[in-house]
Each structure stands twice: as C-alpha cells, then as structure tokens.
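Read through the structure below, which is laid out as structure tokens, and then see the notes.
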Amino acid sequence: MTAANNNNPSNIVAWLNNSAAMKFVRETQSELRKVTWPTRAEVTRLTVVVMVLAISASVILFAADALFAWSLLELQTLVTPQ
C-alpha cells in the first residue's frame, strides 16, 4: 500500500466506519431505541413524588437537628457551674 492509497477518501470512510468509536455510537443508538421512555404524565407524577419525599425528609432532618441542638444547649446549661 502506498501513501497515496492511505489518503484515499473511501479508505478513510471505511476506517472510520470500522473504528471503535463508530461501533460505540452504533451500539448506543441501538440501545436507546430499546428504551421505554416514560410518558409526560408519568414524569410529572414521579417528579411530584420525589419533591414531596425530599421536602418531607428535609423537614424531618431539620426537626431532628433542632431537637438535638436544643437538647445539647439544655445539657450545657445544666452542667455549666453558675
């Protein structure tokens, strides 16, 4: 093979089509076609569920933290000599 043959556009295209990157792209496209995408209603409903759970967890953690901080402050005032 000479240098002129290596620069032939058809050889470059054939090399690109057989490259690992193109194989990855083809396989990715194939897998994405197999995905069952959720409907808009499902996405909305699940987003609301996640937001409610996140807010609930935040409130519970805030309450636990506030209770813990208050109890430590009370303990400190009991232990500290006056």
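A short reminder: the numbers here are calculations on the coordinates, not readings from a lab. Treat the numbers as computed from the prediction; the structure is a model and nothing was measured. Glycine gets a Cβ as well: all are built from the backbone with ideal geometry, and neighbour counts include every protein chain shown.
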| Given charges at Cβ of Lys, Arg, Asp, Glu: the chain dipole, positive-most of 50, 71, 19 | 19
| note | Heads up, the chain by the C-alpha gyration tensor (a ≥ b ≥ c square roots of eigenvalues; a/c under 1.5 rounded, else a/b over b/c prolate, else oblate) looks oblate
| query | What full-extension length gain, to one decimal in nm, is calculated for residue 65 and residue 37 as 0.36 nm per residue of separation minus the Cα-Cα distance? | reply | 6.1 nm
| message | From the phi angles alone, apply the Karplus equation (6.51, -1.76, 1.60; θ = phi - 60°) to the range 64-71 and give each ³J(HN,Hα) in whole Hz, x where the residue is Gly or Pro. | response | 5, 5, 5, 5, 5, 5, 4, 5
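Length gain on complete extension for the stretch residue 28 to residue 11, per 0.36 nm per residue less the alpha carbon to alpha carbon distance?
Working: separation 17, 0.36 × 17 = 6.12 nm, distance 2.44 nm.
Going from the current span to full extension adds 3.7 nm.
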| For the range 29-34, in order, what is each residue's ³J(HN,Hα) by Karplus, 6.51 cos²θ - 1.76 cosθ + 1.60 with θ = phi - 60°, in whole Hz (x at glycine and Pro)? | 4, 4, 5, 5, 5, 7
| query | At 222 nm, what helix-only mean residue ellipticity would the chain give, in deg cm²/dmol to the nearest 500, using -39500 (n - 2.57) for each DSSP H run of four or more? | reply | -28000 deg cm²/dmol
